[in-house]
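Engineer: Here it is, the structure, as structure tokens.
No lab work stands behind these numbers, since they all come straight from the coordinates. All values derive from a computational prediction rather than experimental measurement. Note that we place each Cβ from the backbone using ideal geometry, even for glycine, and neighbour counts take in every protein chain shown.
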Ligand code: CA
């Protein structure tokens, strides 16, 4: 069971929630059920799911309120809204409110599964492909390109770049690089030099003349990958 299998099912109809949850579990997902707005909020805090299946009509509030709440805290969490209201305005409202997809009740369970798979595949892509400015890195293929130019990186240089990108603008110290990129935990004086040489080579490949600097040295601290300092 991977991280990508937790589904938060927000549904106040107990019978429907039970049958959906049973079906989702049989399909290999971990299913957490919430029946109210407040319950959903606390579950979202506790352990964020991979996807939310959101009923719009809830006893203590409206699904759109939850949608708003979810979008404020997590822009990338896929949300599929389900509603008994078949009105076009409800559906448009849901999508404009940040839902990724919607299903009008009653719907076929097979269709729900298909929609869930599409959303999870899409969020995998978002997770596995990252960008900083005009730099894009693709983790599965281990390709990195800048402004459409494929970077010719050694495996270590790619690891170094991917680690710096994963920090999302936070500074990496040499100690962090040593541990996460070189897997060396103990203090080794010679590592600082190795790291500096790799940083310098990576920078040469990353920034051709005329391109804005991306890989910055933070004097006395370490290195950071971001558009501006
Ligand atoms: Ca309902």
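Engineer: In a solvent-free Debye calculation with one equal scatterer on each Cα, what is log10 I(q)/I(0) for the stretch 116-229 at q = 0.17, 0.20 Å⁻¹, listed in the order of the q values?
Structural biologist: Result of the Debye calculation: -0.83, -1.10.
Engineer: A follow-up question, please. Expressed as a rounded percentage, what relative contact order does the stretch 3-127 have, with Cα pairs under 8 Å and six or more residues apart? Spell out each step's value before the answer.
Structural biologist: Details: 185 pairs, mean separation 28.3, N = 125.
Contact order relative to length: 23 percent.
Engineer: Taking the Cα atoms only, what angle lies between the long axis of helix 37-46 and the longest principal axis of the chain, rounded to 10 degrees?
Structural biologist: 30
Engineer: Rounded, prolate or oblate, given the Cα gyration tensor of the stretch 3-127, with a/c below 1.5 counting as rounded?
Structural biologist: rounded
Engineer: When only Cα pairs under 8 Å and 6 or more residues apart are kept, what is the percent relative contact order across the chain?
Structural biologist: 12
Engineer: Tell me, what is the FRET efficiency for residue 30 and residue 184 to the nearest 0.05, using R0 = 35 angstrom and their Cβ-Cβ distance as r?
Structural biologist: 0.45
Engineer: For 11, 179, 96, which order do you get if you count the other beta carbons within 10 Å of each Cβ and list the fewest first?
Structural biologist: Fewest-to-most ranking of 11, 179, 96: 96, 179, 11.
Engineer: I've got another one for you. Using helices alone, I'd like the mean residue ellipticity at 222 nm for the chain: each DSSP H run of four-plus residues gives -39500 (n - 2.57), total over residue count, nearest 500.
Structural biologist: It comes out at -13500 deg cm²/dmol, rounded to the nearest 500.
Engineer: Okay, next question. Nearest 5 percent is fine: what portion of the DSSP beta bridges confined to the chain is antiparallel?
Structural biologist: In the chain, approximately 50 percent of DSSP beta bridges are antiparallel ones.
Engineer: On a 0 to 90° scale, report how tilted helix 155-166 is relative to the longest principal axis of the chain, with both axes built from alpha carbons and the result rounded to the nearest 10.
Structural biologist: Its long axis makes an angle of about 50 degrees.
Engineer: May I ask for the angle, rounded to the nearest 10°, between helix 189-206 and the longest principal axis of the chain, with both axes built from Cα atoms and the value confined to 0 to 90°?
Structural biologist: 70
Engineer: By counting other Cβ atoms within 10 Å of each Cβ, how are 149, 91, 185 ranked from fewest to most?
Structural biologist: 185, 149, 91
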